[in-house]
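Engineer: Got a structure for you, written out below as C-alpha cells; questions coming shortly.
None of the figures in this text is laboratory data; all of them are computed from the coordinates on show. All values reported here derive from a predicted model rather than from experimental measurement.
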Amino acid sequence: MKHLTVVAAALMILAACGKKDPVPPVPATSDGSGGGARPEKLANGEPGVITVKHVLIAFKDSGTNATRSKDEAQKLAYEVLNRAKSGEDFDKLMKELSDDSPTGGTYTLTNTGVAADKEKGEYERSGMVPAFGDVGFHINVNEIAVAEHDALKSPYGWHIIKRTK
C-alpha cells in the first residue's frame with residue numbers, strides 16, 4: 001500500500017511538471033492603482049497603459065444622436081483622418097466633429113490584465129468597443145489611425161484615434 005501511495009504522489013508531481021500557470025493580472029492595491037508597478041509592455045509586446053484621443057464619426061441609428069447616413073459618415077471619417085494626418089489640430093477636430101459626448105474624446109486605457117485606476121478615470125480595454133483598443137494598442141505615440149465601422153467591433157461608427165501616451 002505504501003508503494004502505491006509513493007507512486008501516486010510521483011505521478012501527481014510529474015503531471016504538474018510542464019504546466020504553466022496563466023499570467024495573473026497585476027494585483028490592484030486598495031486604491032485600484034495596481035501598486036504602481038504596472039508593466040510598461042506586456043509579454044505580447046503591447047503597452048500596458050495608453051492614452052488616446054479620438055474623433056467618433058457616427059451615423060443615423062448607430063446608437064448616437066448622429067443624423068448622417070452611413071456613407072456620409074464613412075466619407076467624413078476619412079476626411080478627418082486625412083486632415084489629422086496632415087497636421088491639423090486634433091483637439092479642434094474632436095471638438096468640432098466628434099459624435100462622442102461633449103466631455104469625451106480622451107481616454108486612458110489599461111490593457112488586458114492590468115488593473116485600471118477608476119479614480120483617475122482609467123478604463124479597462126475590455127470596457128471599450130473592441131476596435132478602439134485593437135487600434136489604440138497597436139499604434140505608436142503621436143500616430144493616428146482609424147478603427148473601421150464594424151457591427152460587432154465598432155458599432156457606433158468610425159473612430160479616428162491618436163495615441164498621445
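Engineer: Counting only DSSP beta bridges with both residues in segment 52-164, tell me the antiparallel percent, nearest 5.
Structural biologist: 80
Engineer: Can I ask one more? Per 0.36 nm of contour for each residue apart, how much would the distance between Y123 and K75 grow if the chain were fully extended, relative to their Cα-Cα spacing?
Structural biologist: 14.4 nm
Engineer: Could you estimate the translational diffusion coefficient of segment 48-163 from the Stokes-Einstein equation, with Rh from the Kirkwood formula over C-alpha pairs, at 20 °C and 1.002 mPa s, in whole µm²/s?
Structural biologist: Result for D is 151 µm²/s.
Engineer: Return the long-range amide H neighbours of M128 (sequence gap of 5 or more, or a different chain), with a cut-off of under 5 Å between placed amide H atoms.
Structural biologist: none
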